[in-house]
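Trainee: Before I ask anything, let me first share the structure, which is written out below as structure tokens.
The values are calculated or read from the model by the stated rules, or taken from the named source; none is laboratory data. Treat the numbers as computed from the prediction; the structure is a model and nothing was measured. Quick reminder, even Gly has a Cβ in these numbers, built from the backbone with ideal geometry, and neighbours come from all protein chains shown. Keep in mind that these areas ignore ligands, DNA and RNA; they rest on the heavy atoms of the full protein, side chains included. Shrake-Rupley method; radii C 1.70, N 1.55, O 1.52, S 1.80 Å.
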Amino acid sequence: MTTATATLDVKLAEEVRDALASGRPVVALESTIIAHGLPYPDNIQTAKALEDRVRNGGAVPATIAVLDGIAKAGLSTEELDVIAQPAANIAKLSRRDLAFALSQKRHGATTVAATMIIAEAAGIEIFATGGIGGVHRGAETNFDISADLPELARTNVAVICAGPKAILDIGLTMEYLETYGVPVIGYRCDSMPAFYSARSAHPIEMRLDDAEAIARLCWQKWHAGLDGGVLVANPIPPAFDIPYHEMAVVIEDALAKAQDAGISGKALTPFLLAEISNLTHGESLSANKALVENNVSLATEIACHLAELKQARSKP
Ligand code: PSU
Ligand code: MN
């Protein structure tokens, strides 16, 4: 039975607990990108580099995952290794999968949706990822819409990303976000970035050029009782940008392969990312790592400003 007081218990790492208790900034990081988005050993190297980046920016990292049926925010090195092992067969957990993993005491990596749920329960408001899930191409017949979107509509966490993954229908993804009232903020950009590509043909109307302004928007939204997430779109750094028309061919190829192989459901996104990495001889993999790092830096800045803002407001 769901009651108004129902809560998801989250086991916090000590440094995360201390930071939250004293109002210091914390940045949530997801684990599906580690288990399913990047190959071994790039995944574990990246996971550790992301945590270092948060620390160097003056915040505390909280990588989120489910281990032995326990939702955790802040993982030890050993726990990160469990998630990253190539043969570990770690489940990909979105909202619908959480109850199963918790009750069956399983391990699982959390998607954007599940990471948002656990972050909110832990009291973490800022979360960095690579690209969010969205409306898949052909959704009008295959119904494939990532659970990341309804989560952004309901859960009070800001997600810093490099746009929807390029394999998606970006226009339809933006329509969904508009319908469900999710502010989409372009950080120093006027069009929705497309993951590997810094720009797309889809304009963003809300542009903010500094992290402090983004923190203020988040604070204002939640203070005003406007529930739900905020999506911050941060374009891939210029040195790694692969223009959209170049990626289009590769993506079409990968999509055709997936169709031939009958891949659907939650296996589709990891399959496409791996296929695109093969087809670009690793160029997309370097781009993927670079864009996540870039998002983590921005998320850290936003988290620091939000913490300052809240401290200032709480003074009598
Ligand atoms: N960003 C990346 N790589 C990833 C993902 C995001 O750079 O692998 C993951 C996220 O966890 C996101 C998930 O929530 O892909 C979306 O999966 P699906 O399309 O099945 O909802
Ligand atoms: Mn899907």
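Trainee: Restricting to the range 252-288, name every residue that is away from ligand 1 (no atom under 15 Å from the Cβ), more than 24 Å from I145 (Cβ to Cβ) and open to solvent by 60 Å² or more (accessible area, probe 1.4 Å).
Mentor: The answer is N278, H281.
Trainee: For I160, work out the one condition from (1) within 16 Å of ligand 2 (Cβ to nearest atom); (2) assigned to a strand (DSSP E or B); (3) not polar (S, T, N, Q) it doesn't fulfil.
Mentor: The number of the failed condition is (1).
Trainee: Confirm whether A91 is open to solvent by 20 Å² or more (accessible area, probe 1.4 Å), small (G, A, S), over 12 Å from the mean Cα position of the chain (by Cα) and within 16 Å of ligand 2 (Cβ to nearest atom). Break it down into steps so the answer makes sense when it comes.
Mentor: Numbers: open to solvent by 20 Å² or more (accessible area, probe 1.4 Å): yes; small (G, A, S): yes; over 12 Å from the mean Cα position of the chain (by Cα): yes; within 16 Å of ligand 2 (Cβ to nearest atom): yes.
When the stated conditions are applied, A91 passes them.
Trainee: T300: in contact with a strand residue (DSSP E or B) (Cβ under 7 Å, 6 or more places away or on another chain), hydroxyl-bearing (S, T, Y) and either in contact (Cβ under 8 Å) with a residue 60 or more places away in the chain or not in a helix (DSSP H, G or I) (or both), yes or no?
Mentor: It is true that T300 is in contact with a strand residue (DSSP E or B) (Cβ under 7 Å, 6 or more places away or on another chain), hydroxyl-bearing (S, T, Y) and either in contact (Cβ under 8 Å) with a residue 60 or more places away in the chain or not in a helix (DSSP H, G or I) (or both).
Trainee: Which one of these is part of a helix (DSSP H, G or I), open to solvent by less than 10 Å² (accessible area, probe 1.4 Å) and within 10 Å of ligand 1 (Cβ to nearest atom): L177, L149?
Mentor: Exactly one residue qualifies, and that residue is L149.
Trainee: Considering P86, P61, which residue is open to solvent by less than 10 Å² (accessible area, probe 1.4 Å) and of a type outside the set (A, V, I, L, M, F, W, C)?
Mentor: On the way: P86 fails: open to solvent by less than 10 Å² (accessible area, probe 1.4 Å).
Criteria check complete, one pass: P61.
Trainee: Residues being among the polar types (S, T, N, Q), more than 18 Å from L38 (Cα to Cα) and in a helix (DSSP H, G or I): count how many of those fall in the range 242-281.
Mentor: 1
Trainee: If you don't mind, another one. Between residues in the range 220-244 that are at pLDDT 95 or above and of a type in the set (S, T, N, Q) and residues that are in a loop (DSSP other than H, G, I, E, B) and open to solvent by 50 Å² or more (accessible area, probe 1.4 Å), which pairs lie under 9 Å by C-beta distance while being six or more apart or on different chains?
Mentor: From residues that are at pLDDT 95 or above and of a type in the set (S, T, N, Q), the pairs are Q220/L226; N234/R188.
Trainee: Next question, about the same structure. Only one of E140, E120 is more than 16 Å from ligand 2 (Cβ to nearest atom), acidic (D, E), surrounded by fewer than 23 Cβ atoms within 10 Å (Cβ to Cβ) and in a helix (DSSP H, G or I). Can you tell me which? Write out each step before concluding.
Mentor: Numbers: E140 fails: more than 16 Å from ligand 2 (Cβ to nearest atom).
The match here is E120.
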